[in-house]
C-alpha cells in the first residue's frame, strides 16, 4: 500500500497516478479520515498529559480523584475512536493502487502498450497451420469432453504425451532458472490465509476473481506470487541477504470472470492452470535492474524453446494494481493466429512489502527499511504448451518436440 503520509503530502501526484491508470480510489475519504484521526490523536495526547498532571498532585482529595476518573473515561472513549479510525483508514488505503514509474508510457488500454523488442521470425508453413484444440483432439492428448464432464466449462484433461509435454516444460523451466539464473526452488502450499492475499493486494479488490473455502478461510492461490511474497511476511531480513531469488511451480486458480465469452475454444483460458513463477526480494536501489534481468530470464526460456516472441512495456492503464512498471512477453501461436501472453514481469516497489510488513537492514546498526518485491512468470502454462504444439506441428498432424525438451520426453515426436 502507499504510505499515508506520502498520500497526504503528494495528493496531486497520487490523483494523477490513479487517473492515468483509468482507476478510482477513495482519496477524498482518506484525507477526511486522516484529518479527523490526527485531531483525535492531539486530543488524546492532551487528555493523557492532563491525567499525568493530576497523578502528580499530592493532594488526594475527592475532587482530584473525580477529575482523574473523568479523564480516564474520556481517554478510553478517544482510544476506541482512534482504533476505529485506524481500521477505516487501513481498509481505504488497501483500495489505492501503486504509482506508475515516470518511464511507464501513458495510455488508456492494452492498445497503448509499447513493443520494445522482438526475437525470432514466425515460421512459414507450406500448409494451413492447425489450432491446438484440433491438434490435441486428433492426437488424443487433450480431452475437452471429459474435462467438462469432470468440472464444467474451461476445464480439460491432458492425456499421454500431452500430460508428459506439460510436465517436461515445467521441469525444463525449473532446471533453467535454478541452475543458470540463480533462483532457489520452492514448493509452496496452493492455499493460503486471508492475510497472505491482502499482503499481495489480491484482497480486498479482487475477491470476486478468487476461489475461497469459507469454512476454514483458505484462499486458493491465483499465482505463486502470493505464497512467495509471504514467505518473509512480518520479517526483518538480515544485512547482506538481499537479493533473494525464488522460483516455484504451482497450479493457479482464477474465476476468469473478466474473460466471460472470450477464448472459449481450446486451453488458452481456464479456471485452473500451471505456472512457473520467478520472484525477487531486492534493495530499492537495485530493483529496476533486477526487473530487466527477470525479463531476460523469461525471454531465455522462449529462445531455448525456439519460439518467436515479443516484449511489450505496459502502459499506465494496463499495469497491475500493485505494479510500478511491467513488461509482458508474448509468444506467436500460428494456429490461433495471435500473440499469447506467457509472462508478465513486474516491479512492485515497496507496495507489497508495506502490506506484508517485509523489511531488511542495510547494515547491522541501520534502521529497517521496506524491501522491493518483483514477480514474473517464467513461464505460464498452458500457453507455452499451445505455442509448442502450434509452432512445431507438421503437415501429417504430428508435433516435433523441441530439442531442449527431448530428454524430458524420451522421444522426438508426438504422433
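The values are calculated or read from the model by the stated rules, or taken from the named source; none is laboratory data. Keep in mind it's a predicted model, so treat the numbers as computed, not measured. Virtual Cβ from ideal backbone geometry, glycine too; neighbours counted across all protein chains shown.
The table below lists the values:
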item	result
Test: residue in segment 315-332 that is surrounded by fewer than 24 Cβ atoms within 10 Å (Cβ to Cβ), modelled with pLDDT of 95 or more, more than 21 Å from the chain's Cα centre (by Cα) and under 23 Å from residue 246 (Cβ atoms)	no
Segment 343-392, residues that are under 30 Å from residue 164 (Cβ atoms) and part of a helix (DSSP H, G or I)	383, 384, 385, 386, 387, 388, 389, 390, 391
Sole residue being in contact with a strand residue (DSSP E or B) (Cβ under 9 Å, 6 or more places away or on another chain), at pLDDT 95 or above and closer than 25 Å to residue 283 by Cα, chosen from 385, 307, 374	374
Residue list for segment 70-100, restricted to those being buried (at least 17 other Cβ atoms within 10 Å of the Cβ) and under 30 Å from residue 318 (Cα atoms)	89, 92, 93, 95, 96, 97, 98, 99, 100
Yes/no for residue 130 being crowded, with 17+ Cβ neighbours inside 10 Å, touching a residue at least 60 places away in the same chain (Cβ under 8 Å) and not in a helix (DSSP H, G or I)	yes
Residues within segment 180-203 that are outside any helix (DSSP H, G or I) and more than 12 Å from the chain's Cα centre (by Cα), tallied	14
Members of segment 282-314 that are outside any helix (DSSP H, G or I) and closer than 29 Å to residue 166 by Cβ	306, 307, 308, 309, 310, 311, 312, 314
Failed item in (1) surrounded by fewer than 23 Cβ atoms within 10 Å (Cβ to Cβ); (2) outside any strand (DSSP E or B); (3) in contact with a helix residue (DSSP H, G or I) (Cβ under 6 Å, 6 or more places away or on another chain), with residue 340 passing the rest	(2)
Single residue of 138, 151, 118 found to be out of contact with any strand residue (DSSP E or B) (no Cβ under 9 Å at 6 or more places or on another chain), surrounded by fewer than 17 Cβ atoms within 10 Å (Cβ to Cβ) and modelled with pLDDT of 95 or more	138
Hey, residue 161 touching a strand residue (DSSP E or B) at 6+ places or on another chain (Cβ under 8 Å), under 13 Å from residue 389 (Cα atoms) and either assigned by TED's automatic domain parsing to the domain that holds residue 340 or modelled with pLDDT of 95 or more (or both) or not	yes
Checklist (1) under 17 Å from the mean Cα position of the chain (by Cα); (2) touching a residue at least 40 places away in the same chain (Cβ under 8 Å); (3) within 19 Å of residue 348 (Cα to Cα); (4) not in a strand (DSSP E or B) applied to residue 255, failing item	(3)
Subset of segment 163-192 [surrounded by 16 or more Cβ atoms within 10 Å (Cβ to Cβ), free of Cβ contacts under 8 Å to residues at least 40 places away in the same chain and more than 15 Å from residue 249 (Cα to Cα)]	192
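A quick yes/no check of all residues on (1) modelled with pLDDT of 95 or more; (2) outside the structural domain of residue 350 (by TED's automatic domain parsing); (3) surrounded by 15 or more Cβ atoms within 10 Å (Cβ to Cβ):
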| position | (1), (2), (3) |
| --- | --- |
| 200 | yes, no, yes |
| 207 | yes, no, no |
| 216 | yes, no, no |
| 238 | yes, no, no |
| 253 | yes, no, yes |
| 263 | no, no, yes |
